[in-house]
């Protein structure tokens, strides 16, 4: 009886394992900062947050990981991101002017390369905190907007 139950459970979950092995993989490397840029947040935690957010946004079509896979699948993409500028924002402007003025922002450059190193996507964007964002932490209020922008650009690239 137990062997039959284990067999049924194995058969139920085996398509999930086989399906996930067939998806392309996006490896999200830790963010780097350009020389001379003062970046107050933990880049490893920003990487972890980006991986989590991209899994939600792109997980149907890609496996999103933080480390290079030990045995790379057929299609592997690598995401490298560099913070080229950071602007702390201004609380007085946010209070007096409102309407999203004075928000924290960062300039980023990111590129997605395939397994051979060919650039598939290369962009520069300025990312601002979400309008309603007030909290801060080890990734600040920019973690979600970073992942959101990068995820949208990857969707637009129509990778398969």
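Quick note: the coordinates plus some simple rules give every number you see, no bench work behind them. Keep in mind it's a predicted model, so treat the numbers as computed, not measured. Using ideal geometry, Cβ is built from the backbone for each residue, glycine included, and neighbour counts are taken over all protein chains shown.
The spacing between the range 62-90 and the range 22-57, judged by their C-alpha centroids, is 5 Å. Each of residue 155 and residue 116 was given a label point 7 Å from its Cα along the Cα-to-Cβ line. The distance between the two points is 2.9 nm.
Given their separation in residues at 0.36 nm each and the Cα-Cα distance between them, residue 70 and residue 35 gain 9.5 nm when the chain is fully extended. The label point for residue 148 and the one for residue 44, both projected 7 Å from the Cα toward the Cβ, are 2.8 nm apart. Rounded to the nearest angstrom and listed largest first, the equivalent-ellipsoid semi-axes of the range 30-90 from its Cα gyration tensor are 27, 14, 9. On the beta carbon distance between residue 60 and residue 109, with R0 = 25 Å, the FRET formula returns roughly 0.40.
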